[in-house]
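Okay, so here's the structure we're looking at.
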Amino acid sequence: MTLYAQNLSLAGRLDAVTAELRPGEVTAICGPNGAGKSSLLSSLAGLLAPTSGSVLLGGAPLADMPAQNRARAIGYLPQVPELAWDVTVETLVSLGRLPWRDAPAPETQRAIDQALAALDLADLRRRPVSKLSGGERARALMARVLATQPRWLLADEPLANLDLAHGAALARHFRRCAGEGAGVVLVLHDLATAMNHADRVLVLSSGRLVADGPPAQALAETVIEEVWRVRARWLGEQGAHALAIG
Amino acid sequence: MTRVLALLCAAIAFALPLSLLAGRVWIDPFDPQTHNAALILFELRLPRAVLALVVGAGLGAAGAAMQGYLRNPLADPGLFGIAPGAALGAVLSFWTGWAATGWALPLFALIGAAGAMALLALIAGRSGGIALFTLAGLMIASLAGALMSLAISLSPTPFAMSEIVVWLMGAVADRSWREVWIAAPLTAAGIAVLITAGRSLDALTLGDMAARSLGVDPRRLQALLILGIGLTVGAGVAVAGIIGFVGLIVPHLIRPLTDRRPSSIIVPSALAGALLLLLADVLCRVLPVAGGELRLGIALSLIGAPFFLALLLRMRRGLA
């Protein structure tokens, strides 16, 4: 079931973006600040109504889909996650099951347990969120999205607050989800992460899609120079690239 | 959670019969000879106590839902302008002289509440945005407040003016079963509506966007909130005048005893609100005040304002 942005425009933020995203792949959305990355992700999640164009999930317009079906199919992690109440990690993760409110209790518990285990949070499940470090909190918020067990995982900068080990573990988890047939779409600021972990990269600049393809092609040094206006050079090799600036 | 509910139910079951004995005439349950005991109990104190429970339950549940919706522990159901709207309706019934006829006062107040709800829905309903909604509520509250002051200042008689002022202070004294029959079904319906909104309020814990990604329809949620708070608060004001702080204090006291999800707080807050108002009303009856009894609305403000201040100071410490 593909997720298809069809000629998507959003006043002042996106300009006729067309991209067909496939399940089983990790797709990264990259671009400089203000390029429209988060807008594209929220539009793909069905949370922003485009001024023109549409988003199709499995060929059907996302806008016409019942909210609960959409919520089951697409999990979304906002860039600046909020948390109004000081709930425990487990309660937070259980909120991801809201679209499945009719599911039997054991199934719900299993999904929560799996999400906690996937992000190494099983030992912290009873801890109030206020007592977590920044990285633990970011993992708990991501676990909430995983608990929905959506076919599409859309996350805005999911690795931003994580240390090296947990960042790598989450990247591996995204890869595993894709291996199991889910579609993974990540907004990534860090180009090396995109280069090393994505199957496909969409590069946005001023709301326009300027490159789309395998990381080595979409994030080629010439593209980086043109879009980010810095001279950069890729070091390292397959899966362990680093970007040298200047 | 079940333990909290059981405890609150037990506390109410214990406090209700005891509350009936206290007052200007103390009734000794072991002395059946007290003059007019049956009359005092069944026609004065029981309806008054039941009314305190009903109004308290409505305010408690409305406060819990309101704090969940605005994601703010300092939110109070009064913010939506529904209480001032209902009060304005009641004031107009005094002003026009209709208040003297049985059902007119609560009816006018309910019309006022419905007017505030309709205005709120009209201004804010289209976008479903929370900030616009809150501002619309504040605008309605201040408009209703201004119109009330106007009505008071233009009172046809000094008698009407004093009646309005006293009524606005909020009380469940001198109420009959009629007020109970008006408030109870509306409050029950309102609490049921707020319970229905519980899951969506839980999702809102994660913020607006994440809640929508979890399938929450912001417009439906807003409509449920307007209806639920309109029914509970509107009915409460219609029969008891303005009673503040219950909706603010109660969810606070309850939250640490639960898993802190808004949906877990609504029902316990209703029970705790009922208990608080019942106890506060007994206190009003028992405290010796020159010239009669302390008004319930004043008593709760006297308890509530320092509580609010303590809360603010604690939050400030938390932020520092």
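The values are calculated or read from the model by the stated rules, or taken from the named source; none is laboratory data. Just so we're clear, the structure is a prediction, and the values are computed from it rather than from any experiment. Quick reminder, even Gly has a Cβ in these numbers, built from the backbone with ideal geometry, and neighbours come from all protein chains shown. Surface areas here come from the heavy atoms of the whole protein model, side chains and all, with no ligands, DNA or RNA. Shrake-Rupley method; radii C 1.70, N 1.55, O 1.52, S 1.80 Å.
What is the distance, in nm, between label points placed 7 Å from the Cα along the Cα-to-Cβ direction at residue B:6 and at residue A:1?
4.3 nm
What ³J(HN,Hα) values, in whole Hz, does the Karplus curve 6.51 cos²θ - 1.76 cosθ + 1.60 give for the stretch B:207-212 when θ = phi - 60°, with x put for Gly and Pro?
Once rounded to whole Hz, the list reads x, 4, 5, 5, 4, 5.
The stretch A:143-172 to the stretch A:79-140: how many Å between their Cα centroids?
When both Cα centres are located, 13 Å separates them.
Taking every DSSP beta bridge with both residues inside the protein assembly as shown, roughly what % is antiparallel (nearest 5)?
60 percent
Which residues does a label at residue B:100 reach in the stretch B:154-176, if reach means a backbone N under 13 Å from a point 7 Å past the Cα toward the Cβ?
Only B:157, B:159-160 fall inside the zone, counting backbone N under 13 Å.
Could you compute the FRET efficiency for residue A:123 and residue B:317, with r as their C-beta to C-beta distance and R0 at 22 Å, rounded to 0.05?
0.15
Would you compute, from DSSP H runs of 4+ residues alone, the mean residue ellipticity of the protein assembly as shown at 222 nm, taking -39500 (n - 2.57) per run and dividing by the full residue count, rounded to the nearest 500?
Calculated from helices alone, the mean residue ellipticity at 222 nm is -18000 deg cm²/dmol.
What FRET efficiency do you get for residue A:210 and residue B:135 if R0 is 35 Å and r is their Cβ-Cβ distance, rounded to the nearest 0.05?
0.30
How much length, in nm to one decimal, is gained on full extension between residue A:107 and residue A:244, taken as 0.36 nm per residue of separation minus their Cα-Cα distance?
44.6 nm
Tally the DSSP beta bridges in the stretch A:3-245 and give the antiparallel ones as a percent, rounded to 5.
Percentage antiparallel, nearest 5: 55.
Dipole size in debye (nearest 20) for the protein assembly as shown around its Cα centre, Lys and Arg Cβ +1, Asp and Glu Cβ -1?
280 debye
If each residue of separation counts as 0.36 nm, what is the full-extension length gain between residue B:310 and residue B:123 once their alpha-carbon separation is subtracted?
Length gained, residue B:310 through residue B:123: 63.9 nm.
Which FRET efficiency value, to the nearest 0.05, is calculated for residue B:36 and residue B:166 with the Förster distance at 22 angstrom and r the Cβ-Cβ distance?
0.30
Given labels modelled 7 Å from the Cα in the Cβ direction, how far is it in nm from residue A:232 to residue A:54?
Simple spin-label model gives 3.6 nm for this pair.
For the stretch B:65-311, build the charge dipole from Cβ charges (+1 Lys, Arg; -1 Asp, Glu) around the Cα centre, then report which of B:93, B:274, B:192 sits farthest towards its positive end.
B:192
Rounded to a whole number, what % of the accessible area of chain A do carbon and sulfur atoms account for, probe 1.4 Å?
Carbon and sulfur: 49 percent of the exposed surface of chain A.
Below 8 Å, C-alpha to C-alpha, sequence gap of six or more: please give me the relative contact order for chain B in percent.
Over chain B, the number comes to 32 percent.
Which value, in square angstrom to the nearest 100, describes the accessible area buried between chains A and B on both sides, using a 1.4 angstrom probe?
Chains A and B together bury approximately 2100 Å².
Just the number, please: carbon plus sulfur as a percent of the accessible area of chain B, 1.4 Å probe, no ligands or DNA/RNA counted.
72 percent
Using a simple charge model, +1 on the beta-carbon of Lys and Arg, -1 on the beta-carbon of Asp and Glu, nothing else, what dipole does the stretch B:65-311 show about its Cα centre, in debye to the nearest 20?
500 debye
Please give the direction-averaged projected area of the C-alpha convex hull for chain B, in square nanometres with one decimal.
Its Cα hull, projected and averaged over all orientations, spans 17.5 nm².
Rounded to two decimals, what ratio of Rg to Rh does the protein assembly as shown give with C-alpha atoms and a Kirkwood Rh?
Rg/Rh: 1.09.
Applying a 10 Å radius around every beta-carbon, put B:1-11, A:145-155, B:138-148, A:70-80 in order of their mean neighbour count, most first.
A:145-155, A:70-80, B:138-148, B:1-11
Below 8 Å, C-alpha to C-alpha, sequence gap of six or more: please give me the relative contact order for the stretch A:113-246 in percent.
15 percent
Between residue A:133 and residue A:16, 0.36 nm times their residue separation minus their Cα-Cα distance comes to what?
38.1 nm
For the stretch B:11-25, in order, what is each residue's ³J(HN,Hα) by Karplus, 6.51 cos²θ - 1.76 cosθ + 1.60 with θ = phi - 60°, in whole Hz (x at glycine and Pro)?
4, 5, 4, 7, 6, 4, x, 5, 4, 5, 7, 8, x, 4, 9
For the stretch B:276-300 and the stretch B:60-106, write down the distance between their C-alpha centroids in whole Å.
20 Å
Scan around residue A:21 for amide H atoms under 5 Å from its own, H built in the peptide plane at 1.01 Å from N, and keep only partners 5 or more places away or cross-chain.
A:3, A:4, A:5
Hey, if you put +1 on the Cβ of every Lys and Arg and -1 on every Asp and Glu Cβ in the stretch B:65-311, which of B:114, B:103, B:213 ends up farthest toward the positive end of that dipole?
Towards the positive end, the residue furthest out is B:213.
Pop out a list of residues from the stretch A:77-113 that are at least 40 Å² less accessible with all the protein chains around than in their chain alone; 1.4 Å probe, no ligands or nucleic acids counted.
The answer is A:82, A:84, A:85, A:91, A:95, A:98, A:101 - residues whose exposure falls by at least 40 Å² when every protein chain is included.
Just the Cα atoms of the stretch A:3-245, one point each, no solvent: what log10 I(q)/I(0) does Debye give at q = 0.12, 0.17 Å⁻¹?
Evaluating at q = 0.12, 0.17 Å⁻¹ gives log10 I(q)/I(0) of -0.68, -1.29.
Between the stretch B:127-171 and the stretch A:222-238, what is the C-alpha centre distance in whole Å?
Result: 64 Å between the Cα centres.
So, taking all protein chains as they sit and a 1.4 Å probe, how much accessible area belongs to residue B:243, in Å² rounded to tens?
20 Å²
At 7 Å along Cα-to-Cβ for each site, give me the label-to-label distance between residue B:302 and residue B:220 in nm.
4.7 nm
Per residue, how much accessible area does the protein assembly as shown have with a 1.4 Å probe, in Å²?
On a per-residue basis, 44 Å².
For the stretch B:206-238, list whatever residues lose no less than 50 Å² of accessible surface once every protein chain is in place, relative to that chain by itself, with the probe at 1.4 Å.
Correct list: B:206, B:209, B:212, B:213, B:214.
Rounded to the nearest 20 Debye, what is the dipole magnitude of the stretch B:140-286 about its Cα centre when Lys and Arg each give +1 and Asp and Glu each give -1 at the C-beta?
Dipole size: approximately 320 debye.
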